[in-house]
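**Student:** Here it is, the structure in full.
The values are calculated or read from the model by the stated rules, or taken from the named source; none is laboratory data. Computed from a prediction, not measured in an experiment: that's the story for all the values here. Neighbour counts are summed over all protein chains in view; Cβ atoms, including those assigned to glycine, are modelled from backbone coordinates with ideal geometry.
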Amino acid sequence: MTTVSYRAVITTNEPHKKLTHGFRRPMGRNNFGRITMNHKGGGHKRLFREIDFRMDKIGVPGVVKTVEYDPNRTGFIGLVNYKDGEKRYILLPKNVRPGQEILAAENAPITPGNRLPIKDIPLGTFIYNVEFKAGSGAKMARSAGNFAEIIAKDSGFAHVKLPSTEVRKVSELAWASIGEVSNDENRLVQLGKAGRSRWLGIRPTVRGTAMNPVDHPHGGGEGRQGRGRRRAMTRTGRPTGKGQKSRTPKKYSNVFIVSRRRVGKKGKEQ
């Protein structure tokens, strides 16, 4: 079992009360209460922190006051005091400490934590909290240690290489933050025991081959059997694992993809 040494990074244990509220986690169920995502449920009760992914205080400088742990995400968050008196939580980049100034503006310096339109960010810069289009709020590169890279610009679009190795066209008017998401050691954590998974809301995973035919496409048979079909399947009959492409063939966003991500174990290692 391993953990992240929070004591050297976190500056406070109490969140800013006005930016928090209680919430009920969906636990893998839809609005009818039916399970749509397996292996979720239980877990420790959490307080929700309102994170500013839009960062629309353009031209108003702010100062990072705290570095805090957020149970709802893997990266660290920070409370920013803006010059006009407002306080907001933001997702912090690597190596940003209390007292550092944060600015969202078209002419902001290219330093970690600052936010600019992609058209004003040089090629080769590492970015996170990336928007699809201007004003939509950050959607990409938000997990601990993740970053995207601007590799080209052409005809109003930037070619952005995402953490999945996919190269995608993003509007040059969209905004992104400079740097890499904090807490890059998160990927090295070994949970060590089943109970720790349950604290996180992760329920046990049962192999399809251990089930009955009624429960899973891989189920049934006397003794141990192969899956008996060409492709590995989920319990709902969709392709999964083993380096198979599972993306919807006619997905609306296909026109924005320059290069597909590498799939399977070999793709992840490269």
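Residue-wise test of (1) touching a Gly at 6+ places or on another chain (Cβ under 6 Å); (2) among the hydrophobic types (A, V, I, L, M, F, W, C); (3) exposed (fewer than 15 other Cβ atoms within 10 Å of the Cβ).
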site: 97; (1), (2), (3): no, no, yes
site: 105; (1), (2), (3): yes, yes, no
site: 114; (1), (2), (3): no, no, no
site: 121; (1), (2), (3): no, yes, no
site: 124; (1), (2), (3): no, no, yes
site: 143; (1), (2), (3): no, no, no
site: 159; (1), (2), (3): no, no, no
site: 185; (1), (2), (3): no, no, yes
site: 190; (1), (2), (3): no, no, yes
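**Student:** If a residue has to be touching a residue at least 60 places away in the same chain (Cβ under 8 Å) and surrounded by 12 or more Cβ atoms within 10 Å (Cβ to Cβ) to count, how many in region 16-42 make the cut?
**Tutor:** Going residue by residue through region 16-42, those that are touching a residue at least 60 places away in the same chain (Cβ under 8 Å) are 16, 18-19, 25, 27, 38-42.
Going one step further and asking which of them are surrounded by 12 or more Cβ atoms within 10 Å (Cβ to Cβ), we end up with 16, 19, 25, 27, 38-42.
Result for region 16-42: 9.
**Student:** Within region 77-85, is there a residue that is assigned by TED's automatic domain parsing to the domain that holds residue 25, touching an Asp or Glu at 6+ places or on another chain (Cβ under 6 Å) and of a type in the set (Asp, Glu)? Talk me through it step by step, then tell me what you get.
**Tutor:** Step one: of region 77-85, the residues assigned by TED's automatic domain parsing to the domain that holds residue 25 are 77-85.
Next, from what is left, pick out any that are touching an Asp or Glu at 6+ places or on another chain (Cβ under 6 Å): 77.
Retained after the next criterion (residues that are of a type in the set (Asp, Glu)): none.
No, the conditions are met nowhere in region 77-85.
**Student:** Find all pairs meeting these conditions: Cβ atoms under 9 angstrom apart; at least six residues apart or on different chains; first residue within region 100-126 and outside the structural domain of residue 157 (by TED's automatic domain parsing) and without any contact (Cβ under 8 Å) to a residue 40 or more places away in the chain; second residue buried (at least 20 other Cβ atoms within 10 Å of the Cβ) and aliphatic (A, V, I, L, M).
**Tutor:** Pairs that qualify, where the first residue is outside the structural domain of residue 157 (by TED's automatic domain parsing) and without any contact (Cβ under 8 Å) to a residue 40 or more places away in the chain and the partner is buried (at least 20 other Cβ atoms within 10 Å of the Cβ) and aliphatic (A, V, I, L, M): there are none.
**Student:** Being under 30 Å from residue 169 (Cα atoms) and either surrounded by 15 or more Cβ atoms within 10 Å (Cβ to Cβ) or among the basic types (Lys, Arg) (or both) is the filter here, so list the residues in region 208-243 that pass it. Spell out the reasoning first.
**Tutor:** Start the filter on region 208-243 by keeping residues that are under 30 Å from residue 169 (Cα atoms), which leaves 238-243.
Answer for region 208-243, where residues must be under 30 Å from residue 169 (Cα atoms) and either surrounded by 15 or more Cβ atoms within 10 Å (Cβ to Cβ) or among the basic types (Lys, Arg) (or both): 238, 242.
Let's see how each residue does on (1) among the acidic types (Asp, Glu); (2) under 20 Å from residue 6 (Cβ atoms):
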| site | (1), (2) |
| --- | --- |
| 26 | no, no |
| 33 | no, no |
| 39 | no, no |
| 62 | no, no |
| 67 | no, yes |
| 82 | no, no |
| 86 | yes, no |
| 92 | no, yes |
| 101 | yes, no |
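**Student:** Inside region 18-58, can you point out the residues that are under 30 Å from residue 84 (Cβ atoms) and among the aromatic types (Phe, Trp, Tyr)?
**Tutor:** Of everything in region 18-58, those that are under 30 Å from residue 84 (Cβ atoms) and among the aromatic types (Phe, Trp, Tyr) turn out to be 23, 48, 53.
**Student:** Evaluate region 233-254: report whether one residue or more is in contact with a Ser or Thr (Cβ under 6 Å, 6 or more places away or on another chain), small (Gly, Ala, Ser) and at negative phi.
**Tutor:** Narrowing region 233-254 to residues in contact with a Ser or Thr (Cβ under 6 Å, 6 or more places away or on another chain): 234, 239-240.
When the remaining residues are screened for being small (Gly, Ala, Ser), the result is none.
No; the residues of region 233-254 include none that is in contact with a Ser or Thr (Cβ under 6 Å, 6 or more places away or on another chain), small (Gly, Ala, Ser) and at negative phi.
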